[in-house]
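A.B. asks: My questions will all concern the structure given below.
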Ligand SMILES: [Zn+2]
């Protein structure tokens, strides 16, 4: 209301009246909201990856100047900066919880196989994005595939990126793209069987890319060397053989890219 209330001292500015609802919520409320969904997220991931591999789950957001999230076993740690708006942190919680299967229960035999962690956790984010109506897996793939062929994104060898590029954004996104190409090649039933058997057959073990390719070939009955050579071991933008097949899950309403797609090209924090 303009002017000071009766009995109050004059003020150089007009007085205003508001409620707590007029102020942005504290970031803690957004974090709590994401953490409150952990059981739901673990249920969703378990439905695709098989049973959650540990006996406890949770997370820690420290009020510290971290620039990353890290998939510590049963207690990932998160930078608060992932919660820039309500709901924006859910995807990173999905990512770190997916690492409980792929990264923690399955550990890498050597760092060159890092896409087995980051590509899988990123694909889990795409699956969640589709479930939440924020953009289908295919739209997430398309957004990354839309990067021009001279973009450095395509220059890294995802199956052996070298120490300086271990956590490059391309390892995350192109790792997930590799999984999506596998899914399109073998079909949903074999694809999710591969993901489950991968998680369970080597639980608590150390894994390599060759082992994953062998399992995928064994379950699908297909020779997949060309697919993995193209997507993991060849620099450059792969040609997608049949563009129409890539669109098969898209509907006309899906033309608008989801938040995951729109965030491409912005600063991507390590996770
Ligand atoms: Zn990660």
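What follows is calculated from the coordinates using simple rules that are stated; it is not laboratory data. Worth saying up front: this structure is predicted, and the values here are computed from it rather than measured. Neighbour counts are summed over all protein chains in view; Cβ atoms, including those assigned to glycine, are modelled from backbone coordinates with ideal geometry.
A.B. asks: Suppose R0 equals 30 Å; then what is the FRET efficiency for residue 189 and residue 234 from their Cβ-Cβ distance, rounded to the nearest 0.05?
C.D. replies: 0.60
A.B. asks: Taking a point 7 angstrom from the Cα of residue 81 along the C-beta vector, which residues in the range 42-67 have backbone N less than 13 Å away?
C.D. replies: Answer for this model: 64-67.
A.B. asks: Percent relative contact order of the range 29-151, based on C-alpha pairs within less than 8 angstrom and at least six residues apart?
C.D. replies: Value for the range 29-151: 21 percent.
A.B. asks: Considering Cα pairs under 8 angstrom that are at least six residues apart, work out the relative contact order of the range 18-100 and quote it in whole percent.
C.D. replies: 33 percent
A.B. asks: Counting only DSSP beta bridges with both residues in the chain, tell me the antiparallel percent, nearest 5.
C.D. replies: 10 percent
A.B. asks: Based on the Cβ-Cβ distance of residue 210 and residue 32, what FRET efficiency does E = 1/(1 + (r/R0)^6) give at R0 = 35 Å, to the nearest 0.05?
C.D. replies: 0.25
A.B. asks: Between residue 222 and residue 13, what length in nm is gained on full extension when 0.36 nm per residue of separation is reduced by their alpha carbon distance?
C.D. replies: In short, 67.9 nm is gained.
A.B. asks: Would you kindly state how much longer the chain becomes between residue 60 and residue 6 on full extension, computed as 0.36 nm times their sequence separation minus their alpha carbon distance, in nm to one decimal?
C.D. replies: Contour length minus the Cα-Cα distance gives 14.7 nm.
A.B. asks: Right, next: Mind pulling the angle between the C-alpha long axis of helix 209-220 and the longest principal axis of the chain? Nearest 10 degrees, somewhere in 0 to 90.
C.D. replies: Its long axis makes an angle of about 70 degrees.
A.B. asks: With runs of 4+ DSSP H residues as the only contributors, calculate the mean residue ellipticity of the chain at 222 nm using -39,500 (n - 2.57) per run, divided by the residue total and rounded to the nearest 500.
C.D. replies: -13000 deg cm²/dmol
A.B. asks: What is the chain's relative contact order, in percent, from Cα pairs under 8 angstrom and six or more apart in sequence?
C.D. replies: Computed value for the chain: 21 percent relative contact order.
A.B. asks: Between 54, 167, 192, find the one with the highest GNM mean-square fluctuation for the chain; connect C-alpha pairs within less than 10 Å.
C.D. replies: It is 54.
A.B. asks: Given axes a ≥ b ≥ c from the Cα gyration tensor, I'd like to know whether the range 148-219 is rounded (a/c under 1.5), prolate (a/b larger than b/c) or oblate.
C.D. replies: oblate
A.B. asks: Label residue 40 and residue 23 with points 7 Å out from Cα along Cα→Cβ: what is the distance between them in nm?
C.D. replies: Distance between the two pseudo-spin positions: 2.7 nm.
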